[in-house]
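Below is one structure, written out as structure tokens; the observations come after it.
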Amino acid sequence: MSATALPPGFDPAQIPPGLAIAQPMPDVLPPVKPRKGFIGFVRRHPTMAIGGFLLLLMLCIAIFAPYLFTKDPTALAPALRTREPSARWWFGTDMLGRDVYSRVLYGARVSLLVGFSVAILASVIGLFIGIVAGFNRVVDSIVMRVMDGLMSIPSILLAIALMALTRGSVQNVIIAITIADVPRVSRLVRGVVLSLREQPYVEAAVAAGTRTPVIMFKHILPNTLAPLTVQATYVCAAAMITEAILSFIGAGTPPIIPSWGNIMAEGRALWQVKPYIVFFPAIFLSITVLAVNLLGDGLRDAIDPRLAKRL
Amino acid sequence: MTEPLLSVENLQTHFRTPDGVNRAVDGITFHVNAGETVAIVGESGCGKSVTSMSILRLIPEPPGKIAGAIKFEGRDLLKLSDKEMRKIRGNSISMIFQEPMTSLNPVLTVGRQIGETLRLHQGMSASDAEKKAIEMLELVGIPEPGRRVKEYPHQLSGGMRQRVMIAIALACNPKLLIADEPTTALDVTIQAQILDLMRDLKRRVGAAIVLITHDLGVVAEVAERVIVMYAGRKVEEAPVGKLFANPRHPYTRGLLGSVPKLGSSLTGHEERLAEIPGLVPSLKKKIDGCVFAGRCAEATDLCRAVAPALETKGPEHVAACHYALKEAAAA
Amino acid sequence: MSTAPVVLEVSDLKKHFPLRGGLLGTTKGYVYAVDGVSFSIRRGETLSLVGESGCGKSTVGKSVLRLFPLTAGQVVLDGKRIDDMPASSLRALRRKMQVVFQDPFSSLNPRMRVRDIIAEPILNFGLAKDSADVDRRVAKALDTVRLPTDAAGRWPHEFSGGQRQRIGIARALAAEPEVIICDEAVSALDVSVKAQVVNLLQDLQKELGLAMLFISHDLAIVEHMTHRVAVMYLGKIVEVAEKKSLFGQPRHPYTEALLSAVPVPDPTAKRDRIVLQGDVPSPIRPPSGCRFHTRCPYVMPRCKTEEPLLKPDATGHLAACHLHDLPEAENPLLHKTGATAFRAA
């Protein structure tokens, strides 16, 4: 009768005769081996792993561009204009004879620099404004009205307008996009702060005699970081697109520095006949933006598993 | 003996998770006769809600997987197509959930939501459906049903919303009503209203009820038969009077001992509450032996090694415990 | 009940939340969440505040803790008025009154280790001499709530609901308070775990002589835990009495109905249930006169216009009901048999 596997060290003679023993239930699903470490991480958060991998790849490309069989991305060669992709020019050459492969790889530097800088700057500034606004009603009503005003202008238009006031440089592009993105981040942080202030653990901290500044830094700030990090990835992705748009319309990175927007802008005239000049930077931009967004989605799911299940 | 309305045989509902397979429900067998009220009690995570969702096949597959047999009026629900299953849901089997606010659609009037099921399952016209909706609201004791039928869920109080949920569930004259913690979110005086309503409706409508709850007081008030679940398994089943008077399984005894009874201060029964030490075991690992052995004061090596099967301990009374048998034999 | 000193005294507490609306955010009215509540708690005593959701019982707890400014009333903690005290001087006094919240998941900061959570009040109130003393006190608090000392190094998410509630209790105890406010502290827990925490709270009160304000909607748990009970309805206390007196012979129709509505885990219990009709009215526009008159089974014309006062009877049992002005023979509350199961039993 007994089909049960007895645990080791248990004497079957101890089982009284006639004992009703439950039959073990079969496995409905194939057993899952819980894994720790890298494989466990990939299985738990596949989106984050894919996004992280792609972003790391782009980062390596940007850093090691000089060693990846590139030529000088600004070297002109009028005689070798608009060559199709081949063994010599992997992505072909543009209308000034520059190697598109080298330009695209170096262009990754601008995109990633702009994306990461804007994400960090906008997060830090937005975090500061959001926390202060979330704690002080007077500051809140003034600052948030200003932010509402800024948000009523599409961020790309705001960035274009700001760029029109200054000289085109990567630094100015970063500043312009950061200013355009700060309102959204500070709104998010303010909302999170306001909801965290209602949390019982904050009320318990008040009851435990914690001073307001300490509550801000020990209880509120650490808990805003998770949603802020997720938001930062989206800001980063959006900033890379905005940079490309600004460069594309000639209001961004100066033409001497190769950036994906610049390369596409220069290839625009020849789009019908030589599509590869636009195609390669566009693919790189898409992959990078996708990577950052996947990373953000993965982070969000990891931070709030319940939200992930609902969506 | 006539065939039961619903018979669940060796139901297993497992979920795939990155940490292993969660054996949320692991081999539960029970039946519900026509017109009967059966309560499934247990603490959170014991699998009682998953059991009720499995009956209606509301478990997402994957990551879930249901095995076993669920026979309703002789047909195995697990073998039906999705289309046939949709005809059963809300029609011959319907469900009431715990949260009346989230289970109602906030942008549709109450009348539309009651009428929807009628139009869907019985092909009623819009005007007939509204008439029937007003009748249903009257049945569940909502004052001024003619006005309320045009209102939206947010205009109603929590108790009213739960009445509307019941009206929707009963609109198609179901043979089986599954109520998953129907009064848990409500205040005591409103809970009393809803329990009264459910008892009254049962007499008038005659549907069988499967009541999922953690509240032993509610069980004592409305159930005829009780199934006690622990860690995805049925550990005891008995008619309500027998279960409360003579619980056989140590878990059931612990559960009954850990709730204070109203009136304890007057009858002098002011002893300490019984505690069940420890925590519910993880369902992601296979448990050798009795699922309750880890928290049971009477557990022996035998319990930890060999899982007890459900055994008849008295008329209509089964329990899964090696030692409950001895007690019964001695008595 | 006893002659122990009064630790917490609340008189005529009011908390009205403004309702803002419109473009300019002007005040459109008030939610009369708490509207004149008075009670006192002695050392070593548990007073329970019971009522249904929206009756203002949790607002009373938070007002007493001064988690927000009060609209009116006095709160005297250990002989000092704290209702109008400036925040800076209030902070030191907060040590004497700690709180345990309902939700074991949101009441602990997920980004702090258990040690830091429990150490917070110890550091804030300067209770420890040095960091070794902090660790000693944390270990002692964990031990008091029957958690292993190594729990200190772990994160809140590593614990189950019942264990997290113990951590919350340990945090409250670490401040060495005189009053503990339990705001639905066991309501979110599973039956068997609830019993563990209820027993723990009772033991702690006996050991430490704490005064406890036990806010709950669960009347069976309240009866098990408490010495005295105050019943709230729509922002007012309608009845206050010793446990035996209140559960044995409720003197307010609302209490009577509330008690009869509680399902009892005993299928053989036969009771006359009083099912109240309708819902609790909105605290934005509370009914005139007696706030319970819209649902009261014994309503009289006088109840609609004149508000009853909380008056004691000969035994000191307080109730706010006009029925007690009737001759005793005509008072339906005092002449009912079997209105509640235990009286018949």
Task: Dipole of segment B:175-331, positive direction: furthest Cα of B:Ala305, B:Ala220, B:Leu262, with charges on the beta-carbon - done: B:Ala305
Task: Per principal axis, descending, Cα span of chain C in whole Å - done: 67, 58, 42
Open item on the list: Relative contact order of segment A:57-215, please, whole-number percent, based on alpha carbon pairs below 8 angstrom and at least 6 residues apart.
Closed with: 20
TODO: Restricting things to alpha carbons, find the Rg to Rh ratio for segment C:26-129 using the Kirkwood radius for Rh.
DONE: 0.99
Task: Helix axis angle, B:158-170 relative to chain B longest principal axis, alpha carbon, degrees - done: 80
Task: For C:Gly161, net neighbour charge (Lys/Arg +1, Asp/Glu -1) across residues whose Cβ lies under 14 Å away - done: -2
- [ ] Give, as ranges by residue number, the residues of segment B:266-297 whose backbone N falls under 14 Å from the point 7 Å along Cα→Cβ of C:Lys244.
- [x] B:266-270
TODO: Considering Cα pairs under 8 angstrom that are at least six residues apart, work out the relative contact order of segment B:103-173 and quote it in whole percent.
DONE: 44
- [ ] Run the dipole for chain C about the Cα centre, Lys and Arg Cβ at +1, Asp and Glu Cβ at -1, nothing else charged, and hand back the magnitude in debye, nearest 20.
- [x] 540
Task: P(r) of segment B:103-173 over all Cα-Cα pairs, binned every 10 Å from zero, in whole percent - done: 24, 61, 15, 0
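Tell me what chain C gives for mean residue ellipticity at 222 nm when only DSSP H runs of n ≥ 4 count, each as -39,500 (n - 2.57), the sum divided by the residue total, rounded to 500 deg cm²/dmol.
-8500 deg cm²/dmol
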Task: Charge context of C:Tyr30, other residues only, Cβ under 13 angstrom, K/R +1, D/E -1 - done: +4
TODO: Name the shape class, rounded, prolate or oblate, that the alpha-carbon gyration tensor gives for segment C:88-133, where a ≥ b ≥ c are the square roots of its eigenvalues, rounded holds for a/c under 1.5, and otherwise prolate holds if a/b is larger than b/c and oblate otherwise.
DONE: oblate
Task: Cα-based radius of gyration of chain B once divided by 2.2 N^0.38 Å, which approximates compact folds - done: 1.05
Task: Antiparallel DSSP beta bridges within chain B, as percent of all bridges there, nearest 5 - done: 60
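Beyond 25 Å, what share of the Cα-Cα pairs of segment A:64-222 remains, rounded to the nearest whole percent?
Considering segment A:64-222, 54 percent of its Cα-Cα pairs are separated by more than 25 Å.
Among the trypsin sites (Lys or Arg not before Pro) within segment A:128-174, which fall in a DSSP loop and have no more than 16 other Cβ atoms within 10 Å of their own Cβ?
Of the trypsin sites (Lys or Arg not before Pro), the ones in loops of segment A:128-174 whose Cβ has at most 16 other Cβ atoms within 10 Å are A:Arg167.
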Open item on the list: Projecting each Cα onto the charge dipole of segment B:1-113 (Lys/Arg +1, Asp/Glu -1 at the beta carbon, about the Cα centre), which of B:Phe15, B:Met85, B:Gly64 comes out farthest on the positive side?
Closed with: B:Met85
- [ ] Rounded, prolate or oblate: pick one for segment A:222-268, where a ≥ b ≥ c are the square roots of the eigenvalues of its C-alpha gyration tensor, a/c under 1.5 means rounded, and failing that, prolate if a/b is larger than b/c, else oblate.
- [x] prolate
Task: Pairs from C:Lys15/C:Lys206; C:Lys206/C:Lys311; B:Lys234/B:Lys286; B:Lys313/C:Lys194; B:Lys71/B:Lys175; B:Lys202/B:Lys313 whose Cα-Cα separation, in the structure shown, is over 24 Å - done: C:Lys15/C:Lys206; C:Lys206/C:Lys311; B:Lys313/C:Lys194; B:Lys202/B:Lys313
TODO: Pick out, in residue order, every one of the GluC sites (Glu not before Pro) in segment B:43-135 that is DSSP loop and has at most 16 other C-beta atoms within 10 Å; say none if there are none.
DONE: B:Glu73
TODO: Would you please give the FRET efficiency between C:Ser187 and A:Lys33, computed as 1/(1 + (r/R0)^6) with r the Cβ-Cβ distance and R0 = 30 Å, to the nearest 0.05?
DONE: 0.15
Open item on the list: Between 0 and 90 degrees, rounded to the nearest ten: what's the tilt of helix A:155-165 against the longest Cα principal axis of chain A?
Closed with: 40
Task: Inter-probe distance in nm under a simple model that places probes 7 Å from Cα toward Cβ, at B:Ala309 and B:Lys83 - done: 4.2
Task: Normalised convex hull volume, segment A:173-296, alpha-carbon set, Å³ per residue - done: 111
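Using just the helices of chain B, give the 222 nm mean residue ellipticity in deg cm²/dmol: DSSP H runs with n ≥ 4 each add -39,500 (n - 2.57), and the total is spread over all residues, rounded to 500. Numbers along the way, then the final one.
Details: 14 runs with 120 residues, N = 331.
Roughly -10000 deg cm²/dmol at 222 nm, from the helical runs in chain B.
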- [ ] Evaluate the charge dipole of segment B:103-173 about its Cα centre and quote only its size in Debye, nearest 20, assuming +1 on the Cβ of each Lys and Arg and -1 on the Cβ of each Asp and Glu.
- [x] 100
Task: Computed magnitude of the charge dipole of the protein assembly as shown (debye, nearest 20; Cβ of K, R +1, Cβ of D, E -1) - done: 2140
TODO: Please report B:His31, B:His154, B:His214, A:His219 as a ranked list, fewest other C-beta atoms within 10 angstrom at the top and most at the bottom.
DONE: B:His154, B:His31, B:His214, A:His219
Task: Choice from A:Gly40, A:Gly296, A:Gly107 with maximal GNM fluctuation in chain A (Cα, 10 Å cutoff) - done: A:Gly40
Open item on the list: Regarding chain A, what's the average projected area of the Cα-atom convex hull, expressed in nm²?
Closed with: 27.7
- [ ] Enter the mean projected area of the convex hull around the alpha-carbon atoms of segment B:31-86, in nm², rounded to one decimal.
- [x] 4.7
TODO: Mind checking the full-extension length gain between C:Ser131 and C:Asp143? Use 0.36 nm per residue of separation minus the Cα-Cα distance, one decimal, nm.
DONE: 2.5 nm
TODO: Can you pull the one-decimal nm distance between simple spin-label points at C:Arg111 and B:Val205, each 7 Å off the Cα toward Cβ?
DONE: 4.9
Open item on the list: What is the angle, in °, between the Cα long axis of helix C:114-124 and the longest principal axis of the Cα atoms in chain C? Nearest 10 is fine, range 0 to 90.
Closed with: 80
Task: Neighbour-count ranking [beta-carbon atoms within 10 angstrom, fewest first] of B:Leu216, C:Leu19 - done: C:Leu19, B:Leu216
Task: Length-normalised contact order of chain B in % [C-alpha pairs under 8 Å, at least 6 apart] - done: 20
Open item on the list: Among C:Val50, C:Val264, C:Val240, which one shows the highest mean-square fluctuation when chain C is modelled as a Gaussian network with alpha-carbon springs under 10 Å?
Closed with: C:Val264
Open item on the list: Mean-square fluctuation check for chain A, GNM, Cα pairs under 10 Å: which of A:Ile63, A:Ile160, A:Ile263 is largest?
Closed with: A:Ile63
- [ ] Label segment A:1-140 by shape, choosing from rounded, prolate and oblate, from the square roots a ≥ b ≥ c of the eigenvalues of the Cα gyration tensor; if a/c is under 1.5 it is rounded, and otherwise prolate applies when a/b is larger than b/c, oblate when it is not.
- [x] oblate
Task: Percent of Cα-Cα distances greater than 51 Å, calculated over the protein assembly as shown - done: 33
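How crowded by other chains is C:253-263, given as the mean number of beta carbons from other chains within 10 Å of each beta carbon?
The mean count of partner-chain Cβ atoms within 10 Å per residue comes to 4.
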Task: Order of B:Glu221, B:Glu144 under a 10 Å beta carbon neighbour criterion, fewest first - done: B:Glu144, B:Glu221
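Taking K and R as +1 and D and E as -1, what net charge do the other residues with C-beta under 9 Å from the C-beta of B:Ala69 add up to?
0
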Open item on the list: I need the chymotrypsin sites (Phe, Trp or Tyr not before Pro) found in segment A:89-119, filtered to DSSP loop residues with at most 16 other beta carbons within 10 Å of theirs.
Closed with: A:Trp90
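Computed from the coordinates by the stated procedures, all read-outs in this text should not be read as laboratory data. Please read all numbers here as calculations on a predicted model, not as lab measurements. In this analysis, Cβ positions are derived from the backbone assuming ideal geometry, glycine residues included, and neighbour counts consider all displayed protein chains.
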